Amino acid sequence: MSTVVVLAPIIVANWPVITAVVGAAVGSLGFAVVRGEETSQQRGETTTREEIEIDNSEILTSDTGFEEEIVVQREGVRAIFSRDARGVLRVCMEGRGTSHAELRRWGQELIDRVTQQYAYHRIVTELKARNMTIVDEQVEEDHTVKIRVRSW
Amino acid sequence: MAKEELEIEISPSGKVTARTLGVKGPRCLELADLLARIVGREESRTLTHEYYETERQVTDQVDLYGHR
């Protein structure tokens with residue numbers, strides 16, 4: 001044993017990175033990315049909506065032409081990730097026949113998984129760039145990710 | 001050169017716990033600082049006995065020079 005450090009991720013990324021991270025993260029919760037569909041609000045349907053702001057996030061502006069919104073869906077529940085005017089990442093949950101509490105819980109699960117995926121992406125990318133080698137990687141049953149990195 | 005390892009755990013909510021293995025002295029702090037810069041906000045840091053091993057050797061050397 002020598003040093004143990006505990007860290008809380010801060011999401012600082014441009015939209016293309018967020019799109020990749022959200023796409024990779026939500027599958028494990030049964031959500032899939034949908035494109036080109038109207039939101040239920042645009043279709044005039046009655047749904048429950050819940051908006052959650054992701055603390056510790058800063059989405060950098062980019063002029064790559066990417067639309068700064070990504071929609072994921074699972075059995076009638078939709079989550080719309082977007083960047084607000086202040087640059088904070090938000091998720092708007094929509095569902096028919098669902099309570100606000102359920103939407104908030106599912107939204108928080110999505111945010112947690114996106115945060116985990118972002119932390120994984122950052123750590124692996126940055127350590128590899130410093131010539132460190134991933135020697136072992138495991139995903140536990142509770143979805144905890146364990147990585148062992150070697151530096152010579 | 002000695003093998004240095006990092007054991008990193010990312011919880012389902014994204015919290016990161018990293019432990020240095022086989023790393024002695026201030027190099028531990030360098031690796032902890034690097035991870036903090038990569039991930040975000042540091043919540044806690046614990047130094048254990050291995051960190052102090054190299055520092056003890058340095059102190060011994062200083063004592064030797066002191067006798068000259």
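The values are calculated or read from the model by the stated rules, or taken from the named source; none is laboratory data. Bear in mind that the values here come from a model prediction, so they are computed numbers and not experimental data. Heads up, the Cβs are rebuilt from the backbone with ideal geometry, glycines too, and the neighbour counts pull from every protein chain shown.
Quick check on my filter: what residues within the range A:90-139 are within 16 Å of B:Ile8 (Cα to Cα), in contact (Cβ under 8 Å) with a residue 40 or more places away in the chain and not small (Gly, Ala, Ser)?
A:Thr115, A:Gln116, A:Gln117, A:Tyr118, A:His121, A:Arg122
Cβ contacts < 9 Å: first residue without any contact (Cβ under 8 Å) to a residue 60 or more places away in the chain, restricted to the range A:6-25; second residue part of a loop (DSSP other than H, G, I, E, B) and among the hydrophobic types (A, V, I, L, M, F, W, C), any location; separation 6+ or different chain. Result?
A:Asn14/A:Phe66; A:Pro16/A:Phe66; A:Thr19/A:Phe66
Among the residues of the range A:97-123, how many are among the hydrophobic types (A, V, I, L, M, F, W, C), under 13 Å from the mean Cα position of the chain (by Cα) and either within 13 Å of chain B (Cβ to nearest Cβ) or not in a helix (DSSP H, G or I) (or both)?
Final tally of qualifying residues: 4.
Any residue at all in the range A:31-49 that is over 16 Å from A:Ala79 (Cα atoms) and at pLDDT below 95?
Yes, there is a match, as at least one residue in the range A:31-49 is over 16 Å from A:Ala79 (Cα atoms) and at pLDDT below 95.
Applying the selection to the range B:21-45, what residues are β-branched (Val, Ile, Thr) and modelled with pLDDT of 90 or more?
Scanning the range B:21-45 gives B:Ile38, B:Val39.
Regarding B:Leu35, is this residue in a helix (DSSP H, G or I) and either more than 7 Å from every other protein chain (Cβ to nearest Cβ) or touching a residue at least 24 places away in the same chain (Cβ under 8 Å) (or both)?
Judged against the criteria, B:Leu35 is a match.
Kindly indicate the residue of the range A:128-146 that is hydrophobic (A, V, I, L, M, F, W, C) and in contact with a Leu (Cβ under 8 Å, 6 or more places away or on another chain) and also nearest to A:Val21 (Cα to Cα) among those meeting that condition.
A:Ile134
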